[in-house]
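Read-outs throughout are calculated quantities, based only on the coordinates presented, and are distinct from any laboratory measurement. All values derive from a computational prediction rather than experimental measurement. Virtual Cβ from ideal backbone geometry, glycine too; neighbours counted across all protein chains shown.
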Amino acid sequence: MRIMDCYLNNYKNTDAVTITEAQIEDLEQMLEPLFVFAIIWSIGCTTTPEGRLKFSDNMRQLMGKDNEHRMPQEGTVYDYCYDKSAKQWIGWNETVQEYHVDLRAQYSEIIVPTFDSIRMKYVKKLLITNGKHVLAPGPTGTGKTINFIDMLNQEMPEEYTMIPITFSAQTSANQTQDGLDEKFEKRRKGIFGPPTGKKFVIFIDDLNMPKREVYFAQPPIELIRQWMDHKGWYNRESKEKEFKRIEDIILVSAMGPPGGGRSPITPRLQRHYNYLTYTDLGNESIAMIFNKILGKFFASFSEDVKAQLSKLIDATQAVYAGVQNP
């Protein structure tokens, strides 16, 4: 319903805009596909790659064969985005411009858009620009952190400013509060926030890294939960310890699965987030990355050499799969 709310926000009357009957009728025609999209990227994105295949098959069955809003039959339901202007489902690649590798860039600076990163960025941006908090759990190496940083630095409207924080086992609640408090400006008595007209997107990486106490509390996480529940925290520096209300901030986070130093986080915090779970990169996404980078490198080679590119990529993936599952 939060994702649906993001789409409905543009259809609310304001002092500057009055929504017409024609616009309402137009929205009513799109409600079913928008609702299907919301289900896919809320309930449907909290499972494993195998679970996604089952979920996709069931969604297609629920939509029926004769439904005017049904998706193309190729691939899975995760491969399509609903285009409101054309009123049809389109592939994710059609939502972005074609990417070209800059030969002057360092290898570590090359970020090739994949099916996963394109769709995750789209949904994250939709949620964040509508004031929703996002949590992206997933295995190491799936691009959670780099996707967040790239999107928040390069693709957000100018009023959004990112504040990055990385939690560790030794991070304390006081460190977290002091680091954030110094970024806020006083607006009026008891009210703090970013400069007027701005919004802070606080990106917390490794959210579940802080060490648990004897009764399982994680103090930095409890501080974040306090803001989620009560929209502020207490001023530790004053004698009165008055409550500081903090406005115009959005919390986004990334974390790995529990284990290896990472802990489960309290459901009292989880309930405030929209989950967007990252899965291990599929073969299509890996092939797309190799194709873009190697294709640029092989551009000056003969046609015979360039023709071997797809075979080289297939062989590389086959060797990796063989080593991973001997």
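Going by how many other beta carbons lie within 10 Å of each one, how would you line up 234, 278, 320, 122, fewest first?
On the way: 234 14, 278 21, 320 11, 122 17.
Listed from fewest to most nearby Cβ atoms, that is 320, 234, 122, 278.
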Subject >> Gain in span if fully extended, residue 8 to residue 303, counting 0.36 nm per residue against the direct Cα distance >> reply: 101.1 nm
**OP:** Per DSSP H run of n ≥ 4, the term is -39500 (n - 2.57); total these for the chain, divide by its residue number, and report the mean residue ellipticity at 222 nm rounded to 500 deg cm²/dmol.
**Re:** -12000 deg cm²/dmol
Subject >> Charge dipole (the chain, unit charges on Cβ, about Cα centre) - positive-most of 135, 152, 226 >> reply: 226
Subject >> residue 232 long-range amide H proximity, modeled H, under 5 Å >> reply: 227, 246
Original post:
Using θ = phi - 60° and the Karplus curve 6.51 cos²θ - 1.76 cosθ + 1.60, what whole-Hz ³J(HN,Hα) does each residue of segment 109-122 get, with Gly and Pro shown as x?
Top reply: 8, 7, 10, 7, x, 10, 3, 5, 5, 4, 6, 5, 4, 4
**OP:** Using only the C-alpha atoms of the chain, find the volume of their convex hull and express it per residue in Å³.
**Re:** 192 Å³
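Largest first and in whole Å, what are the equivalent-ellipsoid semi-axes of segment 209-326 based on the Cα gyration tensor, each being the root of 5 times an eigenvalue? Spell out each step's value before the answer.
Working: eigenvalues 486, 73, 26 Å².
Calculated on Cα positions only, the semi-axes equal 49, 19, 11 Å.
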**OP:** Give me the percent of DSSP beta bridges within the chain that run antiparallel, rounded to the nearest 5.
**Re:** 35 percent
Subject >> Diffusion coefficient, µm² s⁻¹, Stokes-Einstein with Kirkwood Rh over alpha-carbon pairs of segment 122-280 at 4 °C and 1.567 mPa s >> reply: 80 µm²/s
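Between beta-carbons, use under 13 Å as the cut-off and find the net charge around residue 286, counting Lys and Arg +1, Asp and Glu -1. Don't skip to the answer; put the middle values down first.
Numbers: positive: 292; negative: 116, 280, 284, 314.
Spelling it out: positives minus negatives among the neighbours equals -3.
How would you classify segment 283-324 from its alpha-carbon gyration tensor, with a ≥ b ≥ c the square roots of the eigenvalues: rounded for a/c under 1.5, else prolate if a/b is greater than b/c, otherwise oblate?
On the way: a/c = 3.11, a/b = 1.82, b/c = 1.71.
Prolate, because a/c is 1.5 or more and a/b exceeds b/c.
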Original post:
What is the distance in Å between the Cα centres of segment 135-185 and segment 262-324?
Top reply: 24 Å
Subject >> Histogram of C-alpha separations across segment 1-151, 10 Å bin width, % >> reply: 9, 34, 35, 17, 5, 0
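Taking 4 °C and 1.567 mPa s as the conditions, I'd like the Stokes-Einstein D for segment 1-86 in µm²/s, using the Kirkwood hydrodynamic radius from alpha carbon pairs.
On the way: Rh = 14.4 Å.
Value of D from the Cα-based Kirkwood radius: 90 µm²/s.
Taking R0 as 35 Å, what's the FRET efficiency between residue 187 and residue 99 from their Cβ-Cβ distance, rounded to 0.05?
Values: r = 41 Å, r/R0 = 1.17.
Plugging the Cβ-Cβ distance into 1/(1 + (r/R0)^6) gives 0.30.
For residue 241 and residue 175, what is the calculated FRET efficiency with R₀ set at 22 Å and r taken between the beta-carbons, to the nearest 0.05?
Numbers: r = 18 Å, r/R0 = 0.84.
FRET efficiency, residue 241 to residue 175: 0.75.
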Subject >> Whole-Hz ³J(HN,Hα) from phi, Karplus 6.51 cos²θ - 1.76 cosθ + 1.60, for segment 6-14, glycine and proline x >> reply: 4, 6, 7, 4, 6, 10, 9, 5, 10
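Treat every Asp and Glu Cβ in the chain as -1 and every Lys and Arg Cβ as +1, leave all other atoms uncharged, and give the resulting dipole magnitude about the Cα centre to the nearest 20 debye.
Numbers: 39 positive and 42 negative charges, 240 e Å.
With Lys and Arg at +1 and Asp and Glu at -1, about 1160 debye.
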Original post:
About its Cα centre, how strong a charge dipole does segment 283-324 have in debye, to the nearest 20, once Lys and Arg get +1 and Asp and Glu get -1 at the Cβ?
Top reply: 120 debye
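Residue 165: net charge of surrounding residues, Cβ under 11 Å, Lys/Arg +1, Asp/Glu -1, itself excluded? Spell out each step's value before the answer.
Working: positive: 183; negative: 205, 206.
For residues surrounding residue 165, the net value is -1.
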Subject >> Point-to-point label distance, residue 319-residue 216, nm (Cα→Cβ direction, 7 Å offset) >> reply: 4.6 nm
Subject >> Given charges at Cβ of Lys, Arg, Asp, Glu: the chain dipole, positive-most of 326, 238, 297 >> reply: 238
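Looking at segment 18-109, which GluC sites (Glu not before Pro) are in a loop (DSSP not H, G, I, E or B) and have at most 11 other Cβ atoms within 10 Å?
Values: sites: 21, 25, 28, 50, 68, 74, 94, 98, 109; in loops: 68, 74, 98.
Answer in residue order: 68, 74, 98.
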**OP:** May I ask you to list the residues of segment 212-226 whose amide nitrogen lies under 17 Å from a point 7 Å from Cα along the Cα→beta-carbon direction of residue 271?
**Re:** 222-226
Subject >> Point-to-point label distance, residue 30-residue 198, nm (Cα→Cβ direction, 7 Å offset) >> reply: 3.2 nm
Subject >> Fully extended contour minus Cα-Cα distance, from residue 146 to residue 162, at 0.36 nm per residue >> reply: 4.4 nm
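Would you please classify the overall shape of segment 115-200 from the alpha carbon gyration tensor, given that a ≥ b ≥ c denote the square roots of the eigenvalues, rounded means a/c under 1.5, and beyond that prolate means a/b larger than b/c while oblate covers the rest? If you can, show how the numbers build up before the last one.
On the way: a/c = 2.65, a/b = 1.35, b/c = 1.97.
Oblate, since a/c reaches 1.5 and b/c is not below a/b.
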